[in-house]
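Below is one structure, written out as structure tokens; comments come after it.
The values are calculated or read from the model by the stated rules, or taken from the named source; none is laboratory data. Note that the structure is a prediction, hence the values are computed from the model and not measured. Cβ placement follows ideal geometry from the backbone for every residue including glycine, while neighbour counts extend to all protein chains displayed.
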Amino acid sequence: MSDIAERVKKIVAEHLGVEPEKVTENASFIDDLGADSLDTVELVMAFEEAFNCEIPDDAAETILTVGDAINFLEKNAA
Amino acid sequence: MRRVVVTGLGMVTPLGCGVDITWQRLLSGKSGAGRVENFDVSDLPAKIACQLKRGDGTDGTFNPDQWMEPKEQRKVDDFIIYAMAAARQALDDADWHPTSYEDQCASGVLIGSGIGGLQGIAETALLLQERGPRRVSPFFIPGRLINLAGGYVSIEHGLKGPNHAVVTACSTGAHAIGDAARLVAFGDADVMVAGGTESPINRLAMAGFAACRALSTSYNDTPEKASRPYDRDRDGFVMGEGAGVVVVEALEHALARGAKIYGEIVGYGLSGDAYHITAPSEDGDGAFRCMTAALKRAGITPAEIDYINAHGTSTMADEIELGAVQRLLGNSAATVSMSSTKSAIGHLLGAAGAVEAIFSLLAIRDQIAPPTINLDNPSIETPIDLVPHTPRERRIDYALSNSFGFGGTNASVVFKRYAH
């Protein structure tokens with residue numbers, strides 16, 4: 001597992017208050033991890049902060065699962 | 001209109017998390033005041049406050065994790081967490097946990113706060129300045145709004161009836177309980193979860209109230225002596241924090257389910273000073289009129305009042321309230337006991353009226369008036385028993401609780417010992 005993947009999963013577990021083992025790459029923030037739409041906005045902000053990058057709103061809308069976030073950040077993180 | 005009673009109590013105060021422990025410590029004359037240690041007070045004139053004692057939840061300590069999940073706590077200001085704690089205590093005490101759609105729709109929430117989420121507003125304003133708007137959390141607004149205390153409580157407990165909030169500075173808690181009683185009396189709800197909550201102990205609020213010259217500043221080395229209502233050496237109020245919540249219920253509804261009844265809400269009066277933004281009118285006219293209105297609604301004479309839980313903040317305004325009470329009581333002044341429990345817990349601002357309403361109900365239950373601690377030398381002679389230092393065992397059939405707020409907003413609530 002990449003370093004980025006590990007960090008993403010840690011952020012997700014912390015922000016959503018879920019067990020780390022539930023944070024799989026297929027897990028959907030809303031359907032599987034109990035997030036609401038505001039939680040997902042905050043998660044994107046946390047990714048931006050942690051990876052020192054900007055995630056535009058149209059890109060943020062496509063980040064629905066843990067894997068989506070990892071893929072985006074692997075391509076775009078500084 | 002329907003008769004309205006109180007069937008559940010909950011509180012988080014500087015004396016403890018919970019009604020029983022707070023009441024025991026209040027009667028034993030303890031003070032909740034101390035030096036502020038969790039943020040820098042070196043440049044503030046007032047360096048003391050009545051803060052919650054945080055801990056693992058034992059011995060009356062406040063453990064926020066017992067009342068709200070850590071991931072939710074992160075999103076809200078403390079006043080919401082305090083309200084969650086007091087509301088759950090009150091609903092458990094009332095044994096009212098509606099599950100049917102009908103019961104849920106007949107149960108509402110009316111919890112207010114004087115100021116709301118000042119801490120989060122201050123922190124987020126700095127963040128905006130330093131990092132820009134993209135760093136502002138989506139939870140910033142919903143975690144600071146005053147009515148979100150009631151919003152969170154309604155979501156946690158499935159309360160789908162009226163969802164309302166009061167914002168009347170230091171009269172908030174009293175107005176919330178009085179308004180909730182009217183909603184129940186009118187039939188808008190059978191049960192209302194009502195009260196006030198406040199978390200003002202932060203640098204911004206301490207600086208603001210100090211600028212108003214409202215806070216005690218002479219007792220920074222002896223904080224437990226600082227809140228001394230009616231005493232000649234008082235010099236301002238001591239900021240407090242916490243929440244008080246009661247379950248207000250239609251009498252018929254409470255009787256039908258066999259609920260225990262702490263007392264009946266028989267009177268509620270409101271008035272405005274129309275005088276000054278922070279000072280009460282010097283003749284005490286606003287206080288007099290709101291007490292008079294509450295007694296009229298209760299259908300009793302001033303002589304029938306046994307106990308008054310005063311607003312009594314330990315400021316110059318104490319004598320104005322005392323004058324208004326003397327005018328109200330006339331020849332019966334010598335038969336009433338009146339204390340300021342702010343002497344022990346400080347001034348909980350928007351939560352004060354709710355916490356003090358609970359003390360009034362407990363005074364009725366236990367037939368004892370809680371004390372005004374630190375009242376060594378009254379600044380004025382009065383025939384009224386101000387209950388100095390130690391509690392007074394006495395007959396209490398009717399108790400009146402006063403609250404007066406910045407802006408000249410006044411509320412009085414009258415509770416009656418329950419009788420069929």
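Looking at the stretch B:28-52 only, could you name the residues that are outside any loop (DSSP other than H, G, I, E, B) and closer than 16 Å to B:Ala214 by Cα?
B:Ile48, B:Ala49, B:Cys50
Among the residues of the stretch B:89-109 satisfying the criterion of being of a type in the set (A, V, I, L, M, F, W, C) and surrounded by 21 or more Cβ atoms within 10 Å (Cβ to Cβ), which is farthest from the other protein chains (Cβ to nearest Cβ)? Give the derivation first.
Taking the stretch B:89-109 first, the residues of a type in the set (A, V, I, L, M, F, W, C) are B:90-91, B:94, B:96, B:105-106, B:109.
Cutting the leftovers down to surrounded by 21 or more Cβ atoms within 10 Å (Cβ to Cβ) gives us B:90-91, B:94, B:96, B:106, B:109.
Values: B:Ala90: 26, B:Leu91: 24, B:Ala94: 29, B:Trp96: 27, B:Ala106: 27, B:Val109: 21 Å.
So the residue we want is B:Ala94.
Name the residue, out of A:Leu16, A:Leu38, that is in contact with a Lys or Arg (Cβ under 7 Å, 6 or more places away or on another chain), within 14 Å of chain B (Cβ to nearest Cβ) and under 25 Å from B:Pro133 (Cα atoms).
A:Leu16
So which residues in the stretch B:279-299 are modelled with pLDDT of 95 or more, in a loop (DSSP other than H, G, I, E, B) and surrounded by fewer than 20 Cβ atoms within 10 Å (Cβ to Cβ)?
Result: B:Asp283, B:Gly299.
Specify the residue that is modelled with the highest pLDDT; the eligible residues are those in the stretch B:53-71 that are within 14 Å of chain A (Cβ to nearest Cβ) and surrounded by fewer than 18 Cβ atoms within 10 Å (Cβ to Cβ).
Taking the candidates together, the pick is B:Asp65.
If you scan the stretch B:72-88, which residues turn out to be charged (D, E, K, R) and away from chain A (no Cβ under 14 Å)?
Matches in the stretch B:72-88: B:Asp77, B:Asp78, B:Arg88.
With the requirement that a residue be among the acidic types (Asp, Glu) and more than 10 Å from the chain's Cα centre (by Cα), what does the stretch A:17-47 give you?
A:Glu19, A:Glu21, A:Asp31, A:Asp32, A:Asp36, A:Asp39, listed by residue number.
(1) in a helix (DSSP H, G or I); (2) of a type outside the set (Gly, Ala, Ser); (3) surrounded by 13 or more Cβ atoms within 10 Å (Cβ to Cβ): which one isn't true of A:Leu33, the others all being true?
Failing condition for A:Leu33: (1).
May I ask you to say which residue of A:Ile70, A:Ile11 is within 18 Å of B:Ser137 (Cβ to Cβ) and either in contact with a Lys or Arg (Cβ under 7 Å, 6 or more places away or on another chain) or surrounded by 14 or more Cβ atoms within 10 Å (Cβ to Cβ) (or both)?
A:Ile11
Name the residue that is surrounded by the fewest Cβ atoms within 10 Å (Cβ to Cβ), counting only residues in the stretch A:19-29 that are away from chain B (no Cβ under 14 Å) and in a loop (DSSP other than H, G, I, E, B).
Looking at residues that are away from chain B (no Cβ under 14 Å) and in a loop (DSSP other than H, G, I, E, B), I get A:Asn26.
Which residues, taken from the stretch B:134-148, are more than 11 Å from every other protein chain (Cβ to nearest Cβ) and in a helix (DSSP H, G or I)?
Listed by number, the list holds a single entry, B:Leu148.
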